[in-house]
Amino acid sequence: MTLIHEHVFVRSPELDVNFPHPEWDEAATVERAVAGFEELHALGVRTVVDLTVLGLGRDVNLVARVAERVPINLVASTGYYTGSGLALEFQFRGPGRLIDGPDPLVEYFIADIEKGIGGTNIRAGMLKVMTAEDGISDDVARVMTAAAIAHQQTGVAISTHSHPGTRNGLDQQVFLRERGVALERVIIGHSGDTEDLDYLRALMDNGSTIGMDRFGMEHVLPDDRRVATVLALLDLGYADRMVLSHDAAFFSRVTPPSWRARNVPNWQMENISRRIVPMLVRGGASDEALHQMLVTNPRRLLTPTQPGAGPA
Ligand SMILES: [Zn+2]
């Protein structure tokens, strides 16, 4: 069983150095994560994909300290989470920039996948890109282009953060397909934030898998409505195109643990095992459908395709 869109620690390195967050205690947070993953293992989870990339405070050495102590496979990822805030280096380095040359984003993403992240031998197993409400900005286009190139060279799948309210998963599909990415290798993330079945079916009919990946984020949409959407799509035969996850974290500076405990107590990585699977079963989901969404589909997406295979 795989949770394909989670975060171990979401941090903000520059803020953390200058204005340490009062709830961040490194040793205690590492212990909390270790205990959490041990509990997940007891619930049957075997693999968790950490989509914490650049822009979200990725620190692979810190995550490795957790990974080496737990029986779960933690999968690292590469990419860049930003709407229009790429680090200054990228404004000045790249094709047609002051320091002219190849886009360093491409080099970084590929090195993360082929060599290892941050001087370690821990290689990324997923590419992550994002498109916010304001759509595909210049920076987003640059990140997505680099991800498409890295995907074609390595065969590693692309997972997105989308904004279903503006139906921009469809824009992501057009953009990536135009750059030679087979949409079967793309997960349109956060799709579970909407109940617009026509939109969700269009994404899947175009070939992608949709991430019903925010169970527990009840401040955006309550879980019972998220479950109803999954059940409706299962009835329509889409078990092979959905993956389930939480987008949760053991620490996030964006929504710190005390805020989560008060406002969204179900937003944690045990939620699917403890609450959502039973709700889906009560709603009529079959064992086969659950296995497909939690095991078969993630395995397919985490298996790199032949590099350069191009659109199917
Ligand atoms: Zn996320």
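What follows draws every value from the coordinates through simple rules; no lab data is involved. Here the structure is a predicted model, which means the values were calculated and not measured. Neighbour counts run over all protein chains shown; Cβ positions are idealised from the backbone, glycine included.
Per Stokes-Einstein, at 10 °C and 1.306 mPa s, what whole-number D in µm² s⁻¹ belongs to the range 245-312, with the Kirkwood radius over Cα pairs as the hydrodynamic radius?
Estimated via Stokes-Einstein, D reaches 108 µm²/s.
Want the number for L236 to T296: 0.36 nm per residue separation, take away the alpha-carbon distance, what's left?
Between L236 and T296, full extension yields 19.7 nm more.
According to a simple spin-label model (label point 7 Å from Cα along Cα-to-Cβ), what is the distance in nm between L43 and E178?
4.1 nm
In cubic angstrom, how much convex hull volume per residue do the alpha carbon atoms of the chain span?
Hull volume normalised by residue count: 127 Å³.
Return a whole-number percent for the relative contact order of the chain, with Cα pairs under 8 Å and 6 or more residues apart as the contact set.
Reported relative contact order: 20 percent.
Among G118, P257, T194, flag the residue with its Cα farthest along the positive direction of the charge dipole of the chain, charges on Cβ as +1 for Lys/Arg and -1 for Asp/Glu.
Result: G118.
Give the dimensionless ratio obtained when the Cα radius of gyration of the range 1-100 is divided by 2.2 N^0.38 Å.
1.29
Order these peptides, 123-129, 168-174, by their mean beta-carbon neighbour count within 10 angstrom, highest first.
The packing order, highest mean first, is 123-129, 168-174.
For every helix of n ≥ 4 consecutive DSSP H residues, a contribution of -39,500 (n - 2.57) applies; sum these over the chain, divide by its total residues, and give [θ] at 222 nm rounded to the nearest 500 deg cm²/dmol. Numbers along the way, then the final one.
Numbers: 13 runs with 120 residues, N = 312.
Dividing the helical sum by the residues of the chain leaves -11000 deg cm²/dmol.
What net charge is computed for the residues neighbouring R275, neighbours being all others with C-beta under 13 Å from the C-beta of R275, Lys and Arg scored +1, Asp and Glu -1? Don't skip to the answer; put the middle values down first.
Values: positive: R226, R274, R282; negative: E218, D223, D224, E270.
Result for the neighbourhood of R275: -1.
If you take the square roots of the eigenvalues of the alpha-carbon gyration tensor of the range 74-133 and sort them as a ≥ b ≥ c, do you get rounded (a/c under 1.5), prolate (a/b over b/c) or oblate?
It is oblate, given that a/c is not under 1.5 and a/b is not larger than b/c.
Please label the shape of the range 166-255 as rounded, prolate or oblate, based on the square roots a ≥ b ≥ c of the eigenvalues of the alpha-carbon gyration tensor (a/c under 1.5 means rounded; beyond that, a/b larger than b/c means prolate, else oblate).
Verdict is oblate for the range 166-255.
Return one quarter of the surface area of the convex hull spanned by the alpha-carbon atoms of the range 109-152, equal to its mean projected area, in nm².
Approximately 3.3 nm², given one-decimal rounding.
Suppose R0 equals 22 Å; then what is the FRET efficiency for L88 and D16 from their Cβ-Cβ distance, rounded to the nearest 0.05?
The computed FRET efficiency comes out at 0.70.
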